Amino acid sequence: MRAGAFRKDYGRESIKTDLLGWYEALTEIANPEQITDFLRSLRAVREFKRQPIPDDVVQDILEVARWSGSASNRQFAQIVVVRKPESLQALAGVGGYAGHLRGAALAMILVMPGEWAEGETFDEGRLAERMMLAAAAHGLGASIGWFSPDGRAKAKQILGVPDPKVVRTAISMGYPARAPRRGKRKPLSDLVLEERYRS
C-alpha cells in the first residue's frame with residue numbers, strides 16, 4: 001500500500017473526541033485488509049535523503065504521539081525534537097545503537113520520568129512504534145535506536161535533561177534513501193499457541 005494512502009482530512013477533531021465516528025471515517029477510506037497491510041509494511045529505515053521534513057508533518061507525528069496510550073493515561077513521555085546536525089552527530093556517538101541518527105533529518109528522543117521502570121518501559125515501546133507508523137503514513141522512514149547505560153548519561157548532558165529522568169530511546173526520521181528490505185518472518189505456527197503453552 002502506498003505511503004500516505006490514509007492522508008485525508010475527514011474531520012480530525014472528531015477523531016480525537018468521537019471514537020465511533022473515527023472508526024466509521026476510517027472504513028470510508030480503507031478496508032481492514034488495506035490497514036493491516038500498511039501495519040505489516042512497516043520496516044526500519046536507517047539511510048536517509050538530505051531533505052528536511054516539513055513542519056506540518058512533524059507536528060502531525062507529534063499529535064499521534066500525544067494520543068498514544070499510556071498506563072492510567074498518565075502520558076509519561078516527553079519528546080525532544082533534534083534537528084541540528086551537530087547535535088545528531090553527537091548523539092549518534094554516545095554509545096549504544098544510535099549511529100543512524102547521524103544521517104537523519106531529525107530525531108525524536110523520548111524522555112521518561114524514571115519513576116516506574118516496568119510501566120514506563122512498556123509505554124515507551126508503544127509510543128515509539130506509534131510514532132514510526134505515523135512517520136510511515138507521511139512517506140517517511142524511521143528507526144528506533146537506543147543509548148547504552150553509559151551513553152544515556154552523555155545523551156542527557158547533550159540534551160540538558162536532568163536527573164532522575166531517563167533517556168534511552170531515540171527515533172531517527174527522514175525520507176528513505178532507498179527502499180527498505182523486506183525481512184523474513186517466522187510462520188504463525190511457530191509463534192502462536194492455543195490455550196496452553198507447549199515447547
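Each value in this text was obtained by applying a stated rule to the coordinates, not by laboratory testing. Everything numeric in this text was worked out from a predicted model, so none of it was measured. FYI the Cβ positions are ideal-geometry reconstructions off the backbone, even for glycines, and counts take in every protein chain you see.
At a glance:
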| quantity | calculated |
| --- | --- |
| Residue-count net charge about Val80 - beta-carbon cut-off 12 Å; Lys, Arg +1, Asp, Glu -1 | +4 |
| Spatially close lysines, pair count over the chain: Cα under 23 Å, gap of eight or more or interchain | 7 |
| Environment charge at Phe122 (Cβ cut-off 14 Å; Lys +1, Arg +1, Asp -1, Glu -1) | -2 |
| Order of His138, His100 - criterion: other Cβ atoms within 10 Å of each residue's Cβ, fewest first | His138, His100 |
| Point-charge dipole on Cβ atoms (K/R +1, D/E -1) for the chain, about Cα centre, debye to 20 | 1000 debye |
| Percent RCO, i.e. relative contact order, over the chain, from Cα pairs under 8 Å lying at least 6 residues apart | 28 percent |
| Around Phe147: net Lys/Arg minus Asp/Glu count, Cβ-Cβ under 10 Å | +3 |
| Segment 36-151: C-alpha gyration tensor shape, a/c 1.5 cut-off, then a/b vs b/c | oblate |
| FRET efficiency, 1/(1 + (r/R0)^6) with R0 30 Å, evaluated for Asp190 and Ala44 via beta carbons | 0.85 |
| Anisotropy class of segment 137-186 from Cα gyration tensor, a/c 1.5 cut | prolate |
| Rounded to the nearest 20 debye, dipole of segment 65-141 from Cβ charges on Lys, Arg, Asp, Glu | 340 debye |
| Percent breakdown of C-alpha pair distances by 5 Å bin, ordered from the shortest bin, for the chain | 1, 7, 14, 17, 18, 16, 13, 9, 4, 1, 0 |
| Sorted by Cβ density within 10 Å, fewest first, the residues Val82, Val64 | Val64, Val82 |
